[in-house]
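Bear in mind these aren't lab numbers, they're just calculated from the coordinates by the rules spelled out. All values derive from a computational prediction rather than experimental measurement. For neighbour counting, all protein chains shown are included, and Cβ atoms are generated from backbone atoms with ideal geometry for every residue, glycine included.
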Amino acid sequence: MIELYYWTTPNGHKVTMALEEMGLPYTLHGINIGKGEQFQPEFLKIAPNNRIPAIVDTAPVDGGQPVSLFESGAILLYLAEKTGQFLPQDLRGRADALQWLFWQMGGLGPMAGQNHHFSQYAPEKIPYAIDRYVKETNRLYGVLNKQLAEREFIVGSYSIADMACYPWIVPYERQGQSLEDFPHLKRWFHAIAARPATIQAYARAGEVNPTVGTPMTDDAKKVLFGQTAKTVA
């Protein structure tokens, strides 16, 4: 059994997508990051970076003590290795999938996240910041579109690299992007959206967050933005 500590963000959706695809039984534990539940001592023992998602695998393959993990990319890799699914087994295929997983973790996610922050949440609209991150998001969409020009999925077969990237493309309109500008990306996006596991993963979001999709409250912004070292001291 996988215990998943989750909220309805792109990084959270990555893991529910993977668990649904892999057929692993899991229990959802909602961590309402807008209410500060990520700072609870019990959660911090699993996720010292006070970020979702995190997992506890109560039945690791070695039969030993439960394994806890934070960081969505590390979780995807762990689950792929646990099940032997969605990660190529050959040397070159594995390396290809991992480089695109890390591309998402180091590029697409952080840049799209800053795009969201300055265009949607910042109390002051700073044109330079908005322009900077909208353009960088556009560049990254272009990189992914080019990669998909001759491949059905990012590394050929469907993999954890696709699961990592897809949730960050879902809010493309909020990011100031149009899928019409990226035909290969658009085809890939709709193919993943139609997968039964993707549909089920997103359907489960309402179990922990009935208000998913509603605007962020001012109180939630105070919790989420402006954290310092004192926050986790």
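So here's what we get for this one:
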quantity	calculated
Scaled radius of gyration (Cα, divided by 2.2 N^0.38 Å) that the chain gives	1.01
57, 90 arranged by Cβ crowding within 10 Å, fewest neighbours leading	90, 57
Choice from 88, 196, 167 with maximal GNM fluctuation in the chain (Cα, 10 Å cutoff)	196
Linear extension gain, residue 221 paired with residue 151, 0.36 nm per residue minus alpha-carbon span	21.2 nm
Cut-off of 10 Å, at most 16 other beta carbons, DSSP loop: longest stretch of the chain lacking such GluC sites (Glu not before Pro)	1-70
Fewest-first ranking of 55, 2, 160, 192, using other Cβ atoms within 10 Å as the exposure measure	192, 2, 55, 160
The chain: DSSP helices with Cα axial extent of at least 24 Å and average Kyte-Doolittle hydropathy no lower than -1.0	127-147
Ascending count of other beta-carbon atoms within 10 Å, so fewest first, for 170, 134, 155, 15	170, 134, 155, 15
Most mobile listed residue (214, 27, 16) in the chain, GNM with C-alpha springs under 10 Å	214
Relative contact order computed over the stretch 1-87 (Cα-Cα under 8 Å; 6+ residues apart), in percent	32
Calculated [θ] (222 nm, deg cm²/dmol) that DSSP helices of n ≥ 4 give over the chain, each run adding -39,500 (n - 2.57)	-14500 deg cm²/dmol
For residue 220, net neighbour charge (Lys/Arg +1, Asp/Glu -1) across residues whose Cβ lies under 12 Å away	0
